[in-house]
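Undergrad: Below is a structure I'd like to ask you about.
Derivation of every value follows stated rules applied to the coordinates shown; laboratory data play no part. Not measured: the values here are computed from a predicted model. Neighbour counts run over all protein chains shown; Cβ positions are idealised from the backbone, glycine included.
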Amino acid sequence: MNAKRISNVSIKRKDGEHSSISDILYIFGMKCNLLSFGKLPEKNYKVNMEDGMLKVIDAKGNLVMKSLMP
């Protein structure tokens, strides 16, 4: 599949504020979202995986997302 455009994605945090991840590839026709955790540190995000929990933290130290790991 080819990327159709590059855009920014805004994520609403639990505290009501927004964090933005820039230069995300949009692929027309995909039925699910993909996020490369390997690329996030290049965009000044910290990816932390420990105790069965994955956390993404922005450059200001805000928790952007978290998920239980199976």
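Undergrad: Which of the residues spanning region 23-70 are out of contact with any Ser or Thr (no Cβ under 8 Å at 6 or more places or on another chain) and among the β-branched types (V, I, T)?
TA: Within region 23-70, I27, V47, V56, I57 meet the criteria.
Undergrad: Find all pairs meeting these conditions: Cβ atoms under 7 angstrom apart; at least six residues apart or on different chains; first residue within region 36-52 and under 13 Å from D23 (Cα atoms); second residue among the hydroxyl-bearing types (S, T, Y).
TA: Taking only residues 6 or more apart or on different chains, the pairs are K43/S22.
Undergrad: What residue, among those in region 36-70 that are in contact with a strand residue (DSSP E or B) (Cβ under 8 Å, 6 or more places away or on another chain) and part of a loop (DSSP other than H, G, I, E, B), is surrounded by the most Cβ atoms within 10 Å (Cβ to Cβ)?
TA: The selected residue is D58.
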